[in-house]
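A short worksheet on the structure shown next.
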Amino acid sequence: MQVYVPVLLRYKKFKSTVMNKLRSAIVLISLFLSLHSFAQDEYYFTKGLSANGIHRYGREALYSDRLAYQLYTNTLKQPVDGGSLGITNNRGQEIKWQAIKADSANRFINRGFFFGGGGGGYIYFTYDADKEKTAILNISGNSAVFLNGELHAGDPYSSGWLYIPVKLKKGLNELYVRSGGAMIVKLLFPKKPVQLNTGDPTLPFIVTGEANNSLKAAVVVINASTELIKNYRLKSFIGGKEVITMVPAIPPMSTRKVIVELNGEGITAKGEYACTVSLMNKEKLIDEKQITIEAVNPNEQYSKTFVSNIDGSLQYYAVTPQTPSATKPSALFLSVHGAGVEAIGQARAYKQKDWGTLVAATNRRPRGFNWEDWGRLDALEVLAIAKEKFKPDPARIYLTGHSMGGHGTWFLGATYPDMWAAIAPCAGYPTLKGYGSADGLIPETGATPMEQLLLRTSNQSDVPKLATNYKQAGVYIFHGDSDRTVSVNYARQMKKLLADFHKDMSYYEYPGGEHWFGNHSVDWNPIFDYFKWHTIAPDSAMNNIDFITASPGISAKYRWISIEQQIQPLQYSRIQLTRNKKKNSISGSTENIALLKIKLEDFGGNAGISITLDSLNTIQYVTKGEQDSIFLAKKNNQWSIAGKPAETEKNPLRYGTFKEPFNYRMVFVYGTKGTAVENKWSFDKARYDAETWYYRGNGAVDIIADKEYSPEKYTGRNVIIYGNATTNGIYNTLLEGCPIRIERNKVTAGNETMEGQDLAAYFVWPVKNSAFNSVAVIAGTGLPGMQAANANQYFAGASGFPDFMIFSLEMIQTGVKEIKLAGFFDNNWKLSADYYILNK
């Protein structure tokens with residue numbers, strides 16, 4: 001069912017929602033600045049020039065930015081009021097610069113963003129420096145900024161705590177700020193080149209009565225010096241207890257969120273307690289700040305921190321504990337929050353239950369990744385931690401969430417259908433193809449085969465296509481019938497879709513309910529009553545399988561089957577099986593499956609099994625033991641017994657797509673073997689990605705030079721290479737055997753050769769002698785190509801990227817026709833014309 005929402009009505013609702021949030025954000029930012037000011041001078045920009053209809057960034061590999069193109073090609077003229085950019089917007093209107101002034105609160109309200117221009121814009125600012133100097137740039141409400149041509153991350157949600165060290169040159173300094181609806185732009189001039197920023201902490205709670213001697217918090221260290229800082233220490237002091245933590249190396253002119261270890265055992269009563277954090281270089285005090293740690297009683301909601309396996313950063317989850325008068329067996333409820341909501345706020349919306357513990361994951365940020373990509377991984381990390389900590393009944397695991405978390409519930413419920421006894425999406429939208437956020441929508445279809453291939457990489461996000469996965473779990477759909485933020489039509493869409501096949505669905509529209517109508521918007525008693533009726537059946541009782549996945553690298557397993565490899569990468573794969581344990585037979589149909597694993601343990605040992613798939617040849621097999629499994633491969637329209645795929649083949653642990661290597665504590669490695677401008681781009685791009693990763697995912701990542709990397713030192717970790725075979729010293733080592741090679745002035749892809757300085761590439765490659773590690777390469781054949789690779793919308797939730805993508809700088813001006821090659825490696829990591837599209 002396709003839901004139609006009039007464009008104008010959606011625009012008005014979007015505008016109203018954004019403006020309300022912006023007004024609230026500005027108040028919070030002003031309060032924040034008054035409480036947490038830096039010991040330094042501040043300069044607020046109060047006038048500039050704005051232009052709209054210039055760029056489009058979103059949830060796909062394609063992007064356009066005609067101002068960036070002019071900047072990269074040295075054709076951008078210095079803006080003047082009324083001056084033309086020499087381009088038109090999507091209405092055919094000439095784009096001109098127009099003067100814009102800040103209001104009394106130093107806000108720039110870019111009304112053209114809402115009311116005209118046909119797309120995103122820039123605001124141009126200048127700063128005249130009396131000498132070369134270091135500053136800290138703080139902008140709220142932007143999505144990125146070029147400062148003297150150097151690209152830095154933005155703060156699209158007006159959080160206010162993104163502080164970026166920058167080097168100002170003597171004389172004219174130019175800022176092109178990629179704008180949203182409202183912004184505050186300022187420079188701060190630090191009196192300390194290295195300092196702490198406690199405006200964005202990740203904090204644990206002290207739960208009285210528990211062991212609190214090894215808690216972890218995280219704060220930001222700003223290195224506004226031109227030197228790498230290393231061997232610094234952080235000293236924490238709370239409740240009479242002191243702990244020392246080593247600080248990881250932080251490159252010059254960059255920031256990093258770092259872990260601070262705490263000993264809270266001196267705190268024994270509920271309350272708020274000051275913790276002093278001191279940054280030390282040997283015995284010298286560099287900076288000192290205070291953070292507030294909350295102590296609560298065991299029966300209250302609280303937060304726990306943990307070190308994420310994604311990147312080694314500190315994350316947290318929140319808990320609503322089970323009441324002391326617990327009933328057994330205990331349940332576990334995983335709750336996923338809406339956009340802009342902290343996990344602790346989500347947990348506090350629920351009253352305690354006497355039959356289970358509620359745990360709220362973070363999505364890594366209040367907005368994060370829409371519960372896809374690294375938001376999905378965060379939910380899985382928290383679920384695993386919660387199962388280990390609270391030891392619930394494995395049959396009583398439930399999933400629920402609100403708004404963006406309603407989407408997360410739909411998405412996680414369909415992606416991992418055997419993990420949940422029941423799910424309850426509240427005020428949720430099913431897919432980002434029908435409902436977007438600041439990153440926009442995933443387009444429905446592509447106009448060309450290349451666009452269709454690129455959009456196929458977002459198939460995992462199209463929840464309605466996965467709807468039959470809900471068959472074996474209960475589904476309770478809850479939505480206010482007057483919701484103006486997420487239309488109730490989305491709930492009705494899913495109700496109609498599920499009604500055709502689902503035998504265990506409950507649906508309720510709350511009369512007069514808007515998007516949020518109190519805590520019962522999520523803590524709705526009928527939901528938890530519904531949950532009580534449901535348990536996860538054992539695999540032995542599940543004799544009928546119906547499972548769809550878009551990628552085995554995201555979701556391969558359902559009950560006693562696993563889709564190991566596909567025929568066409570990232571097209572939907574489906575398997576429908578019937579198991580007859582009396583007749584020792586399995587039969588059914590498959591779609592787009594090259595390799596399948598079937599667990600046979602429920603048949604017992606020495607059992608003769610007959611397997612017939614797709615009405616083809618019947619396979620006879622005798623189980624070798626009570627825990628036996630079989631691999632089946634489809635070739636030439638026949639099924640046959642196969643071995644377990646080698647580590648060198650694609651498999652669920654390492655299946656590909658360019659985004660996959662941003663995991664397993666990845667390390668960013670910039671090149672130092674090129675020219676001065678090539679090396680500068682490599683470092684700047686790694687730093688820009690690290691800034692964006694921190695903002696988007698509360699992340700922290702090691703940034704190192706190629707000469708610092710060794711496989712032994714960084715074993716078990718993924719690698720992101722910035723630069724090509726000529727400019728990055730580890731390229732040839734880690735990309736050995738790769739059929740795609742990027743070097744100065746040339747790209748080789750199998751038998752194809754492309755030449756020029758303006759070619760860019762994103763691609764993935766497996767790490768040799770590892771079962772799961774991989775490398776992502778971000779490269780160009782020259783400075784123009786490197787600049788074409790600058791955009792990092794691969795950090796946008798649910799944005800799709802294939803295994804490889806080679807394009808020219810012209811793409812950011814003229815579009816998809818300038819993608820030269822894109823597609824997937826085959827299951828042996830080889831280039832095959834069946835899996836890619838070549839534009840000549």
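The values are calculated or read from the model by the stated rules, or taken from the named source; none is laboratory data. From a predicted model like this one, the values you see are computed outputs, not experimental measurements. Neighbour counts are summed over all protein chains in view; Cβ atoms, including those assigned to glycine, are modelled from backbone coordinates with ideal geometry. To get the accessible areas, we keep the full protein, side chains included, count just its heavy atoms, and leave off ligands, DNA and RNA. Shrake-Rupley method; radii C 1.70, N 1.55, O 1.52, S 1.80 Å.
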Volume per residue of the C-alpha convex hull in the range 566-614, rounded to whole Å³
75
Amide H neighbours of D483 under 5 Å, at least 5 residues apart or on other chains, H built in the peptide plane: list them.
V488
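Using per-residue counts of other Cβ atoms within 10 Å, averaged over each peptide, order 783-793, 497-507, 674-684 from highest down.
Values: 783-793: 22.5, 497-507: 14.1, 674-684: 18.5.
Answer by packing, highest mean first, reads 783-793, 674-684, 497-507.
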Sorted peptide list for 245-256, 381-392, criterion being average Cβ within 10 angstrom, highest first:
245-256, 381-392
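Rounded to the nearest 0.05, what FRET efficiency is calculated for D539 and S710 with R0 set to 45 Å and r the Cβ-Cβ distance?
On the way: r = 44 Å, r/R0 = 0.97.
Calculated value: 0.55.
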Set of the range 631-662 residues, backbone N closer than 16 Å to the point 7 Å along the Cα-Cβ line of Q571:
634-638
How large, in percent, is the carbon and sulfur part of the accessible surface of the chain at a probe radius of 1.4 Å?
49
Figure the gain on full extension for K270 and R348 (residue separation times 0.36 nm, minus the Cα-Cα span) and round it to one decimal in nm.
26.4 nm
Determine one quarter of the surface area of the Cα convex hull of the range 738-796, which equals its mean projected area, and express it in nm² to one decimal.
4.7
In debye, nearest 20: dipole of the range 337-446 around its Cα centre with unit charges on the Cβ of K, R (+) and D, E (-)?
340
So if I place +1 on the C-beta of Lys and Arg and -1 on the C-beta of Asp and Glu, and nothing else carries charge, what would the dipole magnitude of the range 497-602 be about its Cα centre? I want it in debye, nearest 20.
720
Given charges at Cβ of Lys, Arg, Asp, Glu: the chain dipole, positive-most of V719, W524, Y63
W524
Pairwise centroid distance, computed over Cα atoms, of the range 243-271 with the range 370-439, Å
30
Which residue, G674, S640, Y655, has the largest displacement toward the positive end of the dipole of the range 632-685 when charges sit on each Cβ (Lys, Arg +1; Asp, Glu -1)?
S640
Sorted by average packing, counted as other Cβ atoms within 10 angstrom per residue and highest first, what order do 182-195, 733-746, 406-419 take?
406-419, 182-195, 733-746
Plugging the Cβ-Cβ distance of E444 and E242 into 1/(1 + (r/R0)^6) at R0 = 45 Å yields, to the nearest 0.05, a FRET efficiency of 0.20
Can you bin the range 147-278 into rounded, prolate or oblate? Criterion: square roots of the alpha carbon gyration tensor eigenvalues sorted a ≥ b ≥ c, rounded for a/c under 1.5, prolate for a/b above b/c, oblate for the rest.
prolate
For the range 202-333, what class follows from the C-alpha gyration tensor (a ≥ b ≥ c being the square roots of its eigenvalues): rounded when a/c is under 1.5, otherwise prolate if a/b is larger than b/c, else oblate?
prolate
Using r as the Cβ-Cβ distance of D504 and K389, and R0 as 30 Å, what FRET efficiency do you calculate, to the nearest 0.05?
0.50
From the Cα gyration tensor of the range 695-839, with a ≥ b ≥ c the square roots of its eigenvalues, which class applies: rounded if a/c is under 1.5, or else prolate if a/b is larger than b/c, or else oblate?
rounded
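Can you give the Rg to Rh ratio of the chain, both from alpha-carbon atoms, with Rh computed by the Kirkwood formula?
In the chain, Rg relative to Rh is 0.96.
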Counting Lys and Arg as +1 and Asp and Glu as -1 over every other residue whose Cβ sits under 11 Å from the Cβ of V701, the net charge comes to +1
per DSSP, antiparallel bridges as share of beta bridges in the chain, % nearest 5, sits at 80
Over every pair of different alpha-carbon atoms in the range 423-479, take the mean of 1/r and invert it; report that Kirkwood radius in Å.
13.0
Keeping every protein chain present and rolling a 1.4 Å probe, give me the accessible area per residue for the range 424-518 in Å².
39
Can you tell me the relative contact order of the chain? Whole percent, Cα pairs under 8 Å, sequence separation 6 or more.
9
How far is the Cα center of the range 272-289 from the Cα center of the range 459-536, in Å?
49
Is there a quick way to get the dipole size of the range 686-840? I mean about its Cα centre, with the Cβ of Lys and Arg at +1 and of Asp and Glu at -1; what is the value in debye to the nearest 20?
60
